[in-house]
Amino acid sequence: MDQFIAKLPKAELHLHLEGSFEPELMFAIARRNKVEIPYRSAEEVRAAYRFANLQDFLDIYYAGASVLLAEEDFFDLTRAYLKRAAADNVRHVEVFFDPQTHTDRGVPFKTVADGIWRALCEGEKEFGITAKLILSFLRHLPEESAFATLKQAEPYLDRFAAVGLDSSEVGHPPAKFARVFAAAREAGLKLVAHAGEEGPPEYVWEALDVLKIDRIDHGNRSLEDPRLVERIVKDGLTLTVCPLSNLKLCVVKDLKQHPIKRMLDLGLRATVNSDDPAFFGGYVGANFEAIAAALPLTREDLRTLAANSFAGSFLSDAEKSAHI
Ligand code: ES4
Ligand code: ZN
């Protein structure tokens, strides 16, 4: 089965670049930037990656990202991800970055955007991976901060396919960002949002009805509401599901209870993604392998999941047919 999975051409639609920051690279960049990190080895860092919930993880994720300072750092981070994704036969990626995590520390937006963009352009030639970039707003910060970020992005709008919404979900419902999402739509961007990871089905409804998103990140808790499932199926929206993330953040107790098979059976367009692979123990190939081992997925199901990732991407129809 793992051979079969390895050979499937895949797209990855839910990946936080800051979440692909492997401890070895973190140490190398910290040394280069003369920044102290409170661990002695990569093994010690990995041993600290035990999370009871999303917030537990986010605290460590933001601490790790704080060693990123120069354009070259963002380039190295992005290049390392693309190289690793290519090894899993990933052909197309739509990746998130969190500008506020960096601009709030005094790193200029341009430094972040230029480093990532250069790596994506070079990666297309070197690894044959096409890429789109999603600017993600931090939902624990006020909407004004998201507006300021969108303003900073204006000179680079042609580099961004979409805006997203991530970070602490509960207590920060989608409607908090209604106006900035409307402005992003006006600027020609697609819209995605994390919804129903820890938050209730009502947050997914709000992401659909108030934000008018084009794709749902996670969406697990949608299954608690049959009317919501019906709506998502009717609209043909894609869910970017992240099995190992769900396990490590205790969204599911055990992968045997993971809802991805049920999602497919309900007619939902589910995809498999790695979210923050450096923190959750595996890239997209490992996520496929883990669900294939835990659930009664057929080869046809696995083929469907991989095909869904291209169908649910923001590639044009012509670009999609070039990939499949
Ligand atoms: C995230 Cl798993 C997850 N959920 C919400 N926000 C995030 N940022 C990075 N990973
Ligand atoms: Zn995520």
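The values are calculated or read from the model by the stated rules, or taken from the named source; none is laboratory data. This one's a predicted model, so the numbers in the text were calculated from it and none came from an experiment. For neighbour counting, all protein chains shown are included, and Cβ atoms are generated from backbone atoms with ideal geometry for every residue, glycine included.
Laid out as a table, the results:
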read-out: Exclusive hit being farther than 30 Å from Arg179 by Cβ, more than 16 Å from ligand 2 (Cβ to nearest atom) and under 21 Å from the mean Cα position of the chain (by Cα), set Leu208, Leu244, Leu302; value: Leu302
read-out: Unique match (being at pLDDT 95 or above, away from ligand 1 (no atom under 16 Å from the Cβ) and surrounded by 18 or more Cβ atoms within 10 Å (Cβ to Cβ)) among Leu239, Leu302; value: Leu302
read-out: Index of the failed condition, Pro142 passing every other in (1) surrounded by fewer than 21 Cβ atoms within 10 Å (Cβ to Cβ); (2) within 16 Å of ligand 2 (Cβ to nearest atom); value: (2)
read-out: Residue check for Ala184: surrounded by 22 or more Cβ atoms within 10 Å (Cβ to Cβ), among the small types (Gly, Ala, Ser) and away from ligand 1 (no atom under 16 Å from the Cβ); value: yes
read-out: Selected residue (only one of Val93, Val112 is in contact (Cβ under 8 Å) with a residue 12 or more places away in the chain, surrounded by 18 or more Cβ atoms within 10 Å (Cβ to Cβ) and part of a strand (DSSP E or B)); value: Val93
read-out: Helices (runs of 4 or more DSSP H) wholly inside the stretch 156-242 that include at least 1 residues being closer than 18 Å to Ala270 by Cβ and in contact with a helix residue (DSSP H, G or I) (Cβ under 9 Å, 6 or more places away or on another chain); value: 201-206, 226-235
read-out: Pairs with Cβ under 8 Å, 6+ apart, first in the stretch 272-286 and assigned to a helix (DSSP H, G or I), second away from ligand 1 (no atom under 14 Å from the Cβ) and aliphatic (A, V, I, L, M); value: Pro277/Val284; Pro277/Ala286; Val284/Ala85; Val284/Val90; Val284/Val272; Gly285/Ile5; Gly285/Ala6; Gly285/Ala87
read-out: Residue in the stretch 116-139 that is farthest from ligand 2 (Cβ to nearest atom), counting only those that are of a type outside the set (A, V, I, L, M, F, W, C) and within 18 Å of Val180 (Cβ to Cβ); value: Arg139
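A quick yes/no check of all residues on (1) β-branched (Val, Ile, Thr); (2) touching a residue at least 24 places away in the same chain (Cβ under 8 Å):
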| site | (1), (2) |
| --- | --- |
| Ile129 | yes, yes |
| Leu141 | no, yes |
| Phe177 | no, yes |
| Glu186 | no, no |
| Pro200 | no, yes |
